[in-house]
Amino acid sequence: MEIKNKEIDGGKAFDFGKTSKGYAKYRDIYPKEFYKKLVDCGIGVSGQKCLDLGTGTGVIPRNMYQYGAEWTGTDISENQIAQARLLASANKMDIDFQVVSAEENDFPDESFDIITACQCFWYFDTKELAPRLAKMLKKDGRLVVMQMAWLPNEDRIAGLSEKLVLEYNPGWTGGGWEREPVHISDEMLESFDVVYRAGFDLNVHFTRESWNGRMKTCRGIGASLPEAEIAAWEREHRALLALTAPEEFDVLHYAAIAILKKK
């Protein structure tokens, strides 16, 4: 499903459903330390019912499944949910995936102990969403907002790749990340209190192939450009990596987590 937001990429339309097969293959990249941080905070553990918003191909529910919680994942894209279901089924995971936007979720009040949103919260209408999420959470429930991004000003390979994305899509606003906390809007704070924050560096391992796949499936390329431009970008990106990157390498990322409790 195509999305347009004047505050994102200058209003240029994007659709992660166009990237779903590549997304499923190349975007499951969060290291074990990332999930351990969640578990150490009591997130996604046995006995909990959890909802993952903007689940994409189900990265968070699938990786957290081993810790015993019961998971539901929702996303606006039919293609993303189709891939999530295939991956969960292949791994014999009982996860309920549904095609629905975050703002249109209509689960009964106090359905969940935990609601998560990873690398997607800036796409949501938080004014509409905040009271809806608060109602869906149980009395002591938690909302967990997460993000992880490469650091282009510190990591040479990330910086070069990001520069090439901008050459093909100058209005892309998904780059330029630095060590920043998760932004929680004033609308969210009307319904929630922030009870925990954490930020930490992560080295994420790639091959040239997997890094090319990761970059190709970003919003600025695979989710928004015409096929001919995507192919041209990929040819140039592969040539760039052949000249500037070893066959395997780490890319420096920064992860941030915010845990909120409903008022």
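The values are calculated or read from the model by the stated rules, or taken from the named source; none is laboratory data. Just so you know, these numbers come straight off a predicted model, no measurement behind them. FYI the Cβ positions are ideal-geometry reconstructions off the backbone, even for glycines, and counts take in every protein chain you see. The protein model used for the area step is the full one, side chains on, heavy atoms only, and it has no ligands, DNA or RNA in it. Shrake-Rupley method; radii C 1.70, N 1.55, O 1.52, S 1.80 Å.
Can you tell me which residues in segment 87-110 are open to solvent by 70 Å² or more (accessible area, probe 1.4 Å) and in a loop (DSSP other than H, G, I, E, B)?
Of everything in segment 87-110, those that are open to solvent by 70 Å² or more (accessible area, probe 1.4 Å) and in a loop (DSSP other than H, G, I, E, B) turn out to be 91, 92, 94, 106, 108, 109, 110.
Return the pair list, or none, for Cβ contacts closer than 9 Å from residues in segment 245-263 that are in contact (Cβ under 8 Å) with a residue 12 or more places away in the chain and outside any loop (DSSP other than H, G, I, E, B) to residues that are among the acidic types (Asp, Glu) and crowded, with 18+ Cβ neighbours inside 10 Å, at least 6 apart or on different chains.
If the second residue must be among the acidic types (Asp, Glu) and crowded, with 18+ Cβ neighbours inside 10 Å, the pairs left are 250/155; 251/155; 252/155; 253/155.
Within segment 16-52, take every residue that is in contact (Cβ under 8 Å) with a residue 60 or more places away in the chain and charged (D, E, K, R) and give me the one that is most open to solvent (accessible area, probe 1.4 Å).
This residue is 21.
Confirm whether residue 13 is over 21 Å from residue 204 (Cα atoms), more than 15 Å from the chain's Cα centre (by Cα) and open to solvent by less than 40 Å² (accessible area, probe 1.4 Å).
Details: over 21 Å from residue 204 (Cα atoms): yes; more than 15 Å from the chain's Cα centre (by Cα): yes; open to solvent by less than 40 Å² (accessible area, probe 1.4 Å): yes.
Criteria met by residue 13.
Of all residues being among the hydrophobic types (A, V, I, L, M, F, W, C) and within 15 Å of residue 113 (Cβ to Cβ) in segment 61-78, which is surrounded by the fewest Cβ atoms within 10 Å (Cβ to Cβ)? Just the residue, please.
In this case the residue turns out to be 69.
If I ask for residues that are of a type in the set (Ser, Thr, Tyr), open to solvent by less than 40 Å² (accessible area, probe 1.4 Å) and not in a strand (DSSP E or B), which ones from segment 111-130 would you list? Step through it out loud before you land on a result.
From segment 111-130, those of a type in the set (Ser, Thr, Tyr) are 111, 116, 123, 126; that's our starting set.
Right, trim to open to solvent by less than 40 Å² (accessible area, probe 1.4 Å) and you get 111, 116, 126.
The answer is 111, 126.
A quick yes/no check of all residues on (1) of a type in the set (Phe, Trp, Tyr); (2) modelled with pLDDT under 95; (3) over 19 Å from residue 24 (Cβ atoms); (4) more than 17 Å from the chain's Cα centre (by Cα):
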residue: 161; (1), (2), (3), (4): no, no, yes, yes
residue: 169; (1), (2), (3), (4): no, no, yes, yes
residue: 191; (1), (2), (3), (4): no, no, yes, yes
residue: 194; (1), (2), (3), (4): no, no, yes, yes
residue: 199; (1), (2), (3), (4): no, no, yes, no
residue: 209; (1), (2), (3), (4): no, no, no, yes
residue: 221; (1), (2), (3), (4): no, no, no, no
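What's the total number of residues in segment 65-85 that are over 12 Å from residue 28 (Cβ atoms) and in contact with a helix residue (DSSP H, G or I) (Cβ under 6 Å, 6 or more places away or on another chain)? Outline the logic, then answer.
Step one: of segment 65-85, the residues over 12 Å from residue 28 (Cβ atoms) are 65-82, 85.
Cutting the leftovers down to in contact with a helix residue (DSSP H, G or I) (Cβ under 6 Å, 6 or more places away or on another chain) gives us 67, 71, 73, 75, 77, 79-80.
So the answer is 7.
Among residues belonging to segment 18-54 that are of a type in the set (Val, Ile, Thr) and touching a helix residue (DSSP H, G or I) at 6+ places or on another chain (Cβ under 6 Å), point out the one that is farthest from residue 137 (Cα to Cα). Can you show your working first?
Step one: filter segment 18-54 for residues of a type in the set (Val, Ile, Thr), giving 19, 29, 39, 43, 45.
Okay, now just the ones that are also touching a helix residue (DSSP H, G or I) at 6+ places or on another chain (Cβ under 6 Å), so 39, 45.
Working: 39: 19, 45: 16 Å.
Per the criteria, the residue is 39.
Identify, please: which residue in segment 233-261 is under 29 Å from residue 134 (Cβ atoms) and open to solvent by 40 Å² or more (accessible area, probe 1.4 Å) and is, among those, farthest from the chain's Cα centre (by Cα)? Working first, answer last.
Step one: of segment 233-261, the residues under 29 Å from residue 134 (Cβ atoms) are 254-261.
Checking which are open to solvent by 40 Å² or more (accessible area, probe 1.4 Å) leaves us with 254, 261.
Values: 254: 13, 261: 21 Å.
Checking each candidate, the answer is 261.
I'm trying to understand the selection: among the residues of segment 131-155, which are in a strand (DSSP E or B) and within 13 Å of residue 260 (Cβ to Cβ)? Break it down stepwise before answering.
Going through segment 131-155, the residues in a strand (DSSP E or B) turn out to be 137-150.
Matches in segment 131-155: 137, 140, 141, 142, 143, 144, 145, 146.
Each row is one residue, and each column tells you yes or no for (1) without any contact (Cβ under 8 Å) to a residue 60 or more places away in the chain; (2) within 21 Å of residue 10 (Cβ to Cβ); (3) of a type outside the set (Gly, Ala, Ser).
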residue	(1), (2), (3)
183	no, yes, yes
190	no, no, yes
200	no, no, yes
211	yes, no, yes
222	no, yes, no
